[in-house]
Each structure stands twice: as structure tokens, then as C-alpha cells.
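A short worksheet on the structure shown next.
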Amino acid sequence: MEEFTLINKQRNRIKVFKPFEDISKPSPSINAMEISYGCIYKRSSKPVMKGSRVETIEDARKEYKQLLEEGWRKTSIFKSYF
């Protein structure tokens, strides 16, 4: 699984979807997604991440699909910051 970054129409908010590994178990497994969210104050600066949460893969897919329907777009512009 790979990491995906979405940006809204106004280009002032982002969400980063990445696999979440549970390292507390003997054999780490990926069965959840970490969703980080943040704001962009200037286009030339890195985003300010406000927080994150862990969701099941199914819930993360639903949110990802809903954001795409709302007009959010996939971007790689901030990939180097994470």
C-alpha cells in the first residue's frame, strides 16, 4: 500500500492517507490507515499538520471517495514533507 495526498479546491487544506502498521504485535500487520490533516497558509511553505487519526481501511476508502466527489484532487506537491 502506498501513501496518497489530497488537496481541496481552495488549495488550503490537505489530507494524507498512509498505511498504519501496528508494531505492538510480534508480526506487524497493516489493517488500518492513518489519516493526517493540515492547513496550507502559503503556497511556498510546507503545510502545518493539525492532527491525525487511525481508521479501518474500509472507512478510509469511503472518506477518500467522498473527498474526491467533493472536488479534492490527488497531489504529490507535498510528498517530500512527510
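The values are calculated or read from the model by the stated rules, or taken from the named source; none is laboratory data. Treat the numbers as computed from the prediction; the structure is a model and nothing was measured. Cβ atoms come from the backbone with ideal geometry, glycine included; neighbour counts cover every protein chain shown.
Residue count for segment 6-64 under the criterion of being out of contact with any strand residue (DSSP E or B) (no Cβ under 7 Å at 6 or more places or on another chain) and among the β-branched types (Val, Ile, Thr): the result is 1. Could you please find all residues in segment 16-31 being assigned to a strand (DSSP E or B) and either modelled with pLDDT of 80 or more or farther than 30 Å from Leu68 by Cβ (or both)? Within segment 16-31, Val16, Phe17, Lys18, Pro19, Phe20, Asn31 qualify. When we screen Glu34, Glu2 for residues that are of a type in the set (Asp, Glu) and either part of a loop (DSSP other than H, G, I, E, B) or modelled with pLDDT under 90 (or both), the only hit is Glu2. Inside segment 60-78, residues that are exposed (fewer than 14 other Cβ atoms within 10 Å of the Cβ) and either outside any strand (DSSP E or B) or of a type in the set (S, T, N, Q) (or both) make up a count of 11.
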